[in-house]
1. So how many residues does the stretch 164-174 have that are surrounded by 12 or more Cβ atoms within 10 Å (Cβ to Cβ), away from the ligand (no atom under 11 Å from the Cβ) and of a type outside the set (Gly, Ala, Ser)?
2. Go through the residues of the stretch 242-254 one by one and say whether even a single one is surrounded by fewer than 20 Cβ atoms within 10 Å (Cβ to Cβ), away from the ligand (no atom under 13 Å from the Cβ), closer than 23 Å to Gln129 by Cα and polar (S, T, N, Q).
3. What are the pairs, 6+ residues apart or on separate chains, where a residue within the stretch 195-217 that is without any contact (Cβ under 8 Å) to a residue 12 or more places away in the chain has its Cβ under 7 Å from a residue that is part of a strand (DSSP E or B)?
4. Restricting to the stretch 141-157, name every residue that is within 10 Å of the ligand (Cβ to nearest atom) and either surrounded by fewer than 16 Cβ atoms within 10 Å (Cβ to Cβ) or modelled with pLDDT under 95 (or both).
5. Taking the options Lys107, Lys55, name whichever one is within 21 Å of Thr151 (Cα to Cα) and either among the aliphatic types (A, V, I, L, M) or out of contact with any Phe, Trp or Tyr (no Cβ under 9 Å at 6 or more places or on another chain) (or both).
6. All but one of (1) closer than 30 Å to Leu23 by Cα; (2) without any contact (Cβ under 8 Å) to a residue 40 or more places away in the chain hold for Trp153; which doesn't?
7. For the stretch 156-181, what are the residues that are among the β-branched types (Val, Ile, Thr) and either part of a strand (DSSP E or B) or touching a residue at least 24 places away in the same chain (Cβ under 8 Å) (or both)?
8. Can you give me the ranges of the strands (runs of 3 or more DSSP E) entirely in the stretch 27-134 with at least 1 residues that are within 14 Å of the ligand (Cβ to nearest atom) and among the hydroxyl-bearing types (Ser, Thr, Tyr)?
Amino acid sequence: MEVIIRPTSEEVSLLGAKIVSQLLRTKPQCVLGLATGRTPLQLYTELIRMHREEKLDFGGVTSFNLDEYVGLPPDHPQSYHYYMQENFFRHVNINPESVHIPNGIAKDIRAHCEAYEKAIFQSGGINLQLLGLGSNGHIGFNEPTGSLNSTTWVKILSEKTLRDNATHFPTPEGQPRHVITMGIGTILRATHCVIMACGDKKSHAVKAMIEGPLSSMCPASALQLHPRTTVIIDQAAAARLDHQDHYQWVENHKLDWQIFS
Ligand code: GLP
């Protein structure tokens, strides 16, 4: 894993956006894996700015989102369809037909999950997968103790994640317990994974992901098996890491072509 520590969440987001834009400029027909949650909001804002001010072109991009709540229609304000539309898609020139988000109201959810996995494969695979990190170490909605080789499927949220995300929902009854998520196996097939985490609430999960053992107790630790994962975290999220000096040393000694520019 490449571990990059920045002083603030803003700098984390700007670097994340830089990595996405670098891929887009070298490979305009790329396949992006996209994430939701609070963490990537500023990254999307920066990509929108780059689209407006620097002509960053999303016209050739295909996208696959990580997850969606079961039972929420696309126009539901708490759905990830709505989130993506409002915070990103409607502000850039991505082709709506090239956008894929799991359908939380699919009639046959199991067939839909299989078709989603197949569509990722048929697109040629994800070139760059953006990820956030749950405070319990989840990525996508892959909760602790789940398979580290799973594919897109329906999952049941843990009580911890329900509590973490409760503020997004006006009433507890309105908060879905079930989700569709890309599996850990799906995520590990992406060419490059970029995971961002900010704030001290994420510091335990960050420590377990980077320096803990490979374990389904921290699903994000599966990224230790991935050939190219970039972790971008702020100082607060990095606070529990034992090897911060080493990560800084590695960053200081990158070869020119390894530097994100
Ligand atoms: C949510 C999402 C994840 C997200 C994570 C962190 O439950 N399913 O994809 O990365 O939890 O969310 P946040 O960035 O809001 O802390």
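1. 1
2. Kept after step one, since they are surrounded by fewer than 20 Cβ atoms within 10 Å (Cβ to Cβ), are these residues of the stretch 242-254: 242-254.
Among the residues that remain, those that are also away from the ligand (no atom under 13 Å from the Cβ) are: 242-254.
From what's left, closer than 23 Å to Gln129 by Cα: 247, 250-251, 254.
Remaining after also requiring polar (S, T, N, Q): none.
No - not one qualifying residue is present in the stretch 242-254.
3. Taking only residues 6 or more apart or on different chains, the pairs are Gly212/Cys218.
4. The answer is none; no residue qualifies.
5. Working: Lys55 fails: within 21 Å of Thr151 (Cα to Cα).
Unique residue meeting the criteria: Lys107.
6. In the conditions (1) closer than 30 Å to Leu23 by Cα; (2) without any contact (Cβ under 8 Å) to a residue 40 or more places away in the chain, Trp153 misses (2) alone.
7. Going through the stretch 156-181, the residues among the β-branched types (Val, Ile, Thr) turn out to be 156, 161, 167, 171, 179-181.
Once the filter is applied, which keeps residues that are among the β-branched types (Val, Ile, Thr) and either part of a strand (DSSP E or B) or touching a residue at least 24 places away in the same chain (Cβ under 8 Å) (or both), the stretch 156-181 yields Ile156, Thr161, Val179, Ile180, Thr181.
8. Values: elements: 31-34, 62-65, 67-69, 128-131.
By residue number, 67-69.
The values are calculated or read from the model by the stated rules, or taken from the named source; none is laboratory data. None of these values were measured; they are calculated from a predicted model. Here Cβ is always computed from backbone atoms with ideal geometry, including for glycine, and neighbour counts include all displayed protein chains.
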